[in-house]
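Some notes on the structure that comes next.
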């Protein structure tokens, strides 16, 4: 997550570095809270939950890697974590049916 934010910040920065692709701005969300959000964005993006029409424009101020391809190209460590079946991470998003 440190790489995703463009550095390690104890407090939420007013402005993130340009290289950051995860730019959560809630100043009341501490580092652990932000990690939960980071993991959510990564997992839902890996499994197609952020690819809908117009979705990127809705979320780009906070998260820019909305597809598995973008994660693999820009955050290979996150991609490896989320795609390794030995980690026990679900491989599909809930849809209310399954």
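Overview of values
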| item | result |
| --- | --- |
| Test: residue in region 9-20 that is in contact (Cβ under 8 Å) with a residue 40 or more places away in the chain and not in a helix (DSSP H, G or I) | no |
| Residue match in region 14-22 (condition: modelled with pLDDT under 95, closer than 26 Å to residue 90 by Cα and out of contact with any helix residue (DSSP H, G or I) (no Cβ under 9 Å at 6 or more places or on another chain)) | no |
| Those residues of region 70-89 which are under 15 Å from residue 44 (Cβ atoms) and in a helix (DSSP H, G or I), in sequence order | 70, 71, 78, 79, 81, 82, 83 |
| Residue check for residue 93: surrounded by fewer than 17 Cβ atoms within 10 Å (Cβ to Cβ) and part of a loop (DSSP other than H, G, I, E, B) | yes |
| Failed criterion for residue 35 (all others in (1) in a loop (DSSP other than H, G, I, E, B); (2) in contact (Cβ under 8 Å) with a residue 12 or more places away in the chain hold) | (1) |
| Residues located in region 45-58, provided they are surrounded by 16 or more Cβ atoms within 10 Å (Cβ to Cβ) and either outside any loop (DSSP other than H, G, I, E, B) or out of contact with any helix residue (DSSP H, G or I) (no Cβ under 9 Å at 6 or more places or on another chain) (or both) | 45, 46, 56 |
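The values are calculated or read from the model by the stated rules, or taken from the named source; none is laboratory data. Here the structure is a predicted model, which means the values were calculated and not measured. Backbone-built Cβ (ideal geometry, glycine too); neighbour counts: all protein chains shown.
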